[in-house]
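Following: one structure in structure tokens, then a few remarks.
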Amino acid sequence: MLTLVTFLPLLACVGLALAPRSVPDRVCARVWAGTAAADLALVVGLWVGFDPHGGMQYQQNHPWIPAAGVGYHVGVDGLSLPLVAMTCLLFLATALYSLRETRRVRSYVCLFLFLQTVSVGLFVALDLILFFVFFDLSLVGMFFVIAGWGHGGRARAAALTFFLYTFTGSLALLLGFIGLSLAATPHTFDLLELVRGNPLAGQGLYAGLVLLALGVGLAVKTPTVPFHTWLPPAHTEAPAAGSAILAGVLLKMGAYGFVRIAMPLLPGSWRRYALVFVIVGTVSVVYGALVALAQTDFKRMIAYTSVTHMGYILLAVGAAGVLAGTDAQARSLAVTGAVVQMVSHGLLTGALFLLTGVLHDRGGTYAMDAYSGLSSHAPRFAAATGVAAFAGLGIPGFSGFIAEFQILTGSLASQAVATTCALTGLLITAALFLRALRHMFLGPSRLPAAAPATGFRDLVPSEAAATVPLLGAALVIGVAPRFLLDVVEPASRTVTQLVAR
Amino acid sequence: MSALLWALIALPLGAGAALLLSGRRWNALAPGLGLAAAAGTFGLAVASAVFRPEASAPLFAGVRAGLRVDGLSAVLVVAVAAVTTAVLVASPGELGPRENRGRFFGLMLLFAGAMTVTVTATTLPPLLMAWEVMGATSWALIGFWWHRPDRVRAADTAFVTTRAADLGLYLAAGAAMAGGVGSLDLTALTGAQGGWRHVACAGLVVAALGKSAQLPFSFWLSHAMRGPGPVSALLHSATMVAAGAYLLLRLHPLLVATGWAAPLVAWTGGVTALALGVVAVAQRALKQLLAASTSSQVGFMVLAAGVGDPSGGTLQLLAHAAAKSALFLAAGAWLTSLGTEQLPALRGAVRRHPLLGAGFVAGALALAGLPPLSLWVAKDEVLAAARAQSPGLYALGLAAAAVAAGYSVKALWYVTRPLPHDHDHDHDHGQEQDGGRRGARGPTRSVSTPVVVLAAAAVFLGVAALPGLSGPLRGVLGGGQQHAPNPWEMALSAAVALAAAGAAWWWLPRSAHAPRTASAGKRWAADWLSMERAARAVLVRPAFALARALAAFDDRAVDGAVHHLARGGLTLARGAARADDHGLDGAVRAVAAGCRRLGAWARRPQTGLLHQYYAQAVVGFTLLLSIVLLVR
Amino acid sequence: MEAVSLWGLGVVALACAVAVFACDSMARATFALLGSLVCVGGVVFVLGLPYLGVVTVLMMVMEMVVMAVFMVAYMMNPAGLMPMSMLHNKRGALGISAAVFASLTGAVFLVDWPQRRGSPPRDTTFQVGKALMGGQMLTMVVLGFVLLATMVAATVLALHRGRYDRLGDDLDRCPARDPAGGGVGR
Amino acid sequence: MTFELVLVLAAGLFSVGLFGALSQQSIVMIMMGIELMIGGVIVAAADFWHFLAPAAADGQVVIVVAVVAMAVEMAMGFAVTTALYRARQVDTTDMARELKG
């Protein structure tokens, strides 16, 4: 069942690729939207049939490279199911958004279908090598999206930087995986066996090195501060749908890696070096927020806020590793907060990037001071962006608040100082979003020179259909979080117990 | 019974959301719908005050979202609903037909729902959620006429300041969890172990002071005045600023438990009451004066919370809510009709609109704390409790009361002057046109009636608080060691209030005409104790500078480092290529050349001359022979 | 008696050998060579190998007569009529041959030769015949083939018509223009 | 003593032949030189046979081989000279240096 969910988009992609040239673009886009919708429906089916206390479910395990102990092992649990659902929802949104795409639609659609398969595959993978394969294929897919359809002149340079940077990170990751599998007897890459066997329990230095490799690899992917410089150019040059997926899904791969691989497999060294991750997380929060405050380019500012939100996740995950001074409830609250933050950041930043796409489509530039008083021209667009911005800065009633509240409450116990610094992140994020809203949407009306004579068109139905459901989902999670938390909490409890063992 | 409470919350929030989304589509119907929703909420509020329902829902792991209507919140829920209804009655007058009324009424109802949740919350998460939603709606309402960038900037300042203070609540929640209070229940906070209790208490105090515009944070209230009249009336007089005081009143046990919190809160309240009173006196615009007075009156409530007199604090809150919302509605009405809020320009406004003027006069008198009216009674309660705590506080309170009388009389004096001779001329020279509305037509009846009703409530509430009748009120609020003010205290405060009022009345005509030589102190007070300039200099400007520095650092150093790494890789590659071409390839070519030379040498003996071959053969044989002989 | 005859033959042989290269005319050189080799045959005869001695002498006579015929054929100064010095590089050759002579005689005198083993059979010719036909049959066969190959090779080399003439200048005429008619397929 | 003297005789013959082979330009004279060298070898073989190993026939076989070699050398020499003469009308080694490397 999971394999069907994972590879349905790939089937569509192959079908489209082999289809005769005569297939018009509109049909390609519709096929993409249909496939994404079908995939989402399947995932909802999975969600309904999912037993929150059942641990890993819908498992499929077939030997793939038996000699190396590599198997095609997929399965879903409380951590990955929400992310898979969010990925499918986001891809459906980008599909709807791209209905009006005009540039080389067929290859654009094939690339995104491929990306969907790879992203879903990564979240359901329970084998390190399978995880790594999907991890790298996602880089390839995103490289072509940015290089091919990026609007800036520097699209190719940005794409190359993005690819090389994250690819180097993935090599470090592979190193870590190999280190892990070698420590296990018999050598295996299967995640569940490695968790059960806990091979690196004793070795201090060896486990530390493996954790360093994993940490660097994943830190490059969730951009934490020292390794984040590939994100802003990649985002400013990527097309709207591309950067929505880049921010919504690809960034989660790194964060998910911490919760799925680093914590359960290296509990001892994770506890010993948790402080490092907490510090990096807090620095990412404050640094990302401050640098975002100083940006003049709207999309680049949002890219930096992504660094901040990922910093929160790292803070929560690091705090969950510190046993002193906290109880299990606080730590599992932090981990739940981290997972919810991944989902909420995916939805909100995805919506924000799609809306910036609309902005660029109409005004031709992302510079904030080129626009003013847009809400008189496009009230619906202004309302949507306003709601997305307020949700992004953590206003209750949206998923952002639920995530950040749990993270901060769960982390304060063990990391008082770090969490207090992270609190300032909340304030700075609020200030920068408000400043952006004030500059662009309120005040007297002024459009950039590049804007067409007809003025600033409001949201077209396809764009509205793409962004409003995302914000709606965020609102539902914000108002009634129990349906998501019931799934995530048991899984985060197990992760917390695994780290504490 | 919990259904009643869920309905009480769902009605305003739901109706507000619906109206907000409708926007301009039902512009005509919006006021009616809004009013209906407000009335319904009022009804539900009264019912819930009677039945005291309780409800809770699972929210996070081990944390429930609990709501309960107990003594304190019953009174407040009714008050909030009442003031909301009154303000919404007055709102259509304020807003022109072309305004986006759906959005206005939607936001007002959303705010009312959030306030209701704040006063009924029993655990921290719902309190925090409502607290933040109040901040957001206040941002939206202050910046309602968003065409003017200065209004939106004011809204931003207000929101960021309150949000900065709200971080205290996040801190408190985290501290509670760390301190072992897993359920984050407000009453259980005192049970938090060790330092965490102090951290939680500190967080809560900061959040409350921020929201109630107390001293360090009070400058945002002056910006909040740029919003429409009704907004100031509802949010920035009766409900939002009172929320902080309410929180302190409810958490008095925690304040006492930590030891240092209660006196700190009391003294902050007292000092704010005095300082902001002086600021009010120094103001030239009516709404700024009223805003500063709000801050100072809330100071009294915070003082009451600090000294542990919930009933006095609540009475002060109710009385002040009624009086101040009436005054703000009147000020708003004049702003729309006369197009100005500067006191000298409002000369004789009372005479121009008699009904509205009467309400304003009654409210101002109550605000002055003159004997028979409600605020005087409430203030006495608070001062009595303060005197029991420490005489210093009592003196501070009395001084604040005197200053309160001063600024109320100042407002009264200007407003009640006889109309200047060029009666009609006054109408059209409206100074700053707010929101592009022409202030030509007078305030309609829909504004006057709520003003009068509120003013009446302000006047007669005092009766309820008289010593004889205050028993039931104390019972409702849940008692606590109360100090009924003894007669000599009440007489003393009355005397102080009357003396201050008389002095102000006597002194005002002289200063009104005297040349304006503003002393440094006066200018400092007029500028709200330049708190905003200090905050901007200390926090905002360095933050932006740091942000710019970090951005530059990020682009140059971090990005630069990566690019240098890449460039280093390239030069390394070129070096390797060069080494490969000249080094290894050269060696191989040298070997090849050497072989060629050797080849040439090898051909030399092959001369073609037979005899030379024989010679070589002989030499070769002899060598071989000698080798064989020697070796064997 | 044996020693005297050996000495005599030896001296004569050496003198004739030197004479071969000393005299100008080819003819005289040929006969000097004949003389020298006859003395060699005599030495062999004296040393108890009559058959081989006689064989050597007979062969030498035949060779020298043939050589005389060649002298006439190639008009190589048969009678010293056209004196020409056919020498070059004399000093080098002299040096090498003197060095060789010195080293050989040095070896002869320095090596301690083993004592004689066994005694000569009564009939040495029978001995060499039995050996050739018995143990040394391989040598006999090889010699036979060598002689045959020499005859064929010498004839082919000396013919005026090369073996490729019949195929024409560019060696690929088909069929070959063979002067001696007949042959396969023609 | 005569054993060594006969060997000296053989060496002498060999050296004179060698001198002739090395110094003569004409091919025929070179062949004569080689003839003398082989004669030296025959004398040495006979001498060895006579003085060292009369019982075995090897010495005589060497002489037979030497005689055959002399015959072959003479035949091939003249064949080469004839072919060379026919091709180039020259009979001295200096003119025939086509095989120079």
Exercise for review: Determine which member of the set B:338, B:367, B:315 is in contact with a helix residue (DSSP H, G or I) (Cβ under 7 Å, 6 or more places away or on another chain) and either surrounded by fewer than 24 Cβ atoms within 10 Å (Cβ to Cβ) or acidic (Asp, Glu) (or both).
Suggested key: B:338
Review point. Restricting the first residue to region A:112-124 and requiring it to be under 12 Å from residue A:137 (Cα atoms), which pairs with a second residue that is outside any helix (DSSP H, G or I) meet a Cβ separation below 8 Å and a spacing of at least six or different chains?
Key: A:121/A:74
Review point. Within region C:27-57, can you find the residues that are within 17 Å of residue D:16 (Cα to Cα) and facing chain D (nearest Cβ under 7 Å)?
Key: C:29, C:33, C:36, C:37, C:40
Check your understanding: How many of the residues making up region A:464-501 are in contact with a Gly (Cβ under 8 Å, 6 or more places away or on another chain) and more than 30 Å from residue A:271 (Cα to Cα)?
Key -> 5
Check your understanding: When you go through A:461, A:448 one by one, which is the residue that is over 21 Å from residue A:86 (Cβ atoms) and without any contact (Cβ under 8 Å) to a residue 12 or more places away in the chain?
Key -> A:461
**Study point:** Among the candidates A:126, A:171, residue that is in contact with a Gly (Cβ under 9 Å, 6 or more places away or on another chain), closer than 26 Å to residue A:228 by Cβ and away from every other protein chain (no Cβ under 14 Å)
**Key:** A:171
Point to revise | Segments classed as helices (runs of 4 or more DSSP H), wholly inside region B:438-531, with at least 2 members that are at pLDDT 65 or above and farther than 27 Å from residue B:345 by Cα | key: B:445-465, B:470-477, B:487-513
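Here is a yes/no grid of residues against (1) outside any helix (DSSP H, G or I); (2) at pLDDT below 85; (3) within 28 Å of the chain's Cα centre (by Cα); (4) assigned by TED's automatic domain parsing to the domain that holds residue B:306:
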position: B:325; (1), (2), (3), (4): no, no, yes, yes
position: B:331; (1), (2), (3), (4): no, no, yes, yes
position: B:351; (1), (2), (3), (4): no, yes, no, yes
position: B:375; (1), (2), (3), (4): no, yes, yes, yes
position: B:400; (1), (2), (3), (4): no, no, yes, yes
Check your understanding: Of the residues that sit in region A:324-342 and are buried (at least 24 other Cβ atoms within 10 Å of the Cβ) and at the interface with chain B (Cβ under 7 Å from one of its Cβ atoms), which one is nearest to the chain's Cα centre (by Cα)?
Key -> A:336
Check your understanding: What pairs come up if the first residue lies in region A:419-434 and is at the interface with chain B (Cβ under 7 Å from one of its Cβ atoms), the second is acidic (Asp, Glu) and in a helix (DSSP H, G or I), and their beta carbons are under 7 Å apart, counting only those six or more places apart or on different chains?
Key -> A:426/A:404; A:434/B:156
Check your understanding: Taking region B:372-405 as the region of interest, how many residues are small (Gly, Ala, Ser), closer than 21 Å to residue B:327 by Cβ and buried (at least 23 other Cβ atoms within 10 Å of the Cβ)?
Key -> 6
Review point. What number goes with the only condition from (1) more than 8 Å from every other protein chain (Cβ to nearest Cβ); (2) part of a helix (DSSP H, G or I) that residue B:199 does not pass?
Key: (1)
Review point. Do we find a residue being touching a residue at least 40 places away in the same chain (Cβ under 8 Å) and touching a Leu at 6+ places or on another chain (Cβ under 6 Å) anywhere in region A:361-375?
Key: no
Review point. Within region B:154-185, how many residues turn out to be touching a residue at least 40 places away in the same chain (Cβ under 8 Å), facing another protein chain (nearest Cβ under 9 Å) and either under 25 Å from residue A:373 (Cα atoms) or among the hydroxyl-bearing types (Ser, Thr, Tyr) (or both)?
Key: 2
Point to revise | From D:20, D:39, D:12, residue being at the interface with chain C (Cβ under 7 Å from one of its Cβ atoms), small (Gly, Ala, Ser) and surrounded by fewer than 24 Cβ atoms within 10 Å (Cβ to Cβ) | key: D:12
Check your understanding: If you go through region A:150-166 one residue at a time, do you hit one that is part of a helix (DSSP H, G or I), β-branched (Val, Ile, Thr) and away from chain B (no Cβ under 14 Å)?
Key -> no
Practice item. Determine whether region A:343-351 contains at least one residue that is over 30 Å from residue A:323 (Cβ atoms) and either of a type in the set (D, E, K, R) or modelled with pLDDT under 90 (or both). Key: no
Check your understanding: Can you tell me which residue in region A:457-501 is modelled with the lowest pLDDT, limited to those that are of a type in the set (Asp, Glu) and closer than 24 Å to residue A:99 by Cβ?
Key -> A:458
Revision key, fill the gap. Within region A:66-84, of all residues that are of a type outside the set (Gly, Ala, Ser) and within 16 Å of residue A:132 (Cα to Cα), the one farthest from the chain's Cα centre (by Cα) is A:70
Revision key, fill the gap. Residue count, region C:104-120, condition within 7 Å of another protein chain (Cβ to nearest Cβ) and either over 25 Å from residue B:625 (Cβ atoms) or assigned to a loop (DSSP other than H, G, I, E, B) (or both), comes to 7
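The values are calculated or read from the model by the stated rules, or taken from the named source; none is laboratory data. As the structure is a prediction and not an experimental result, all values here were calculated from the model. So basically every Cβ, Gly included, is an ideal-geometry build from the backbone, and we count neighbours across all protein chains shown.
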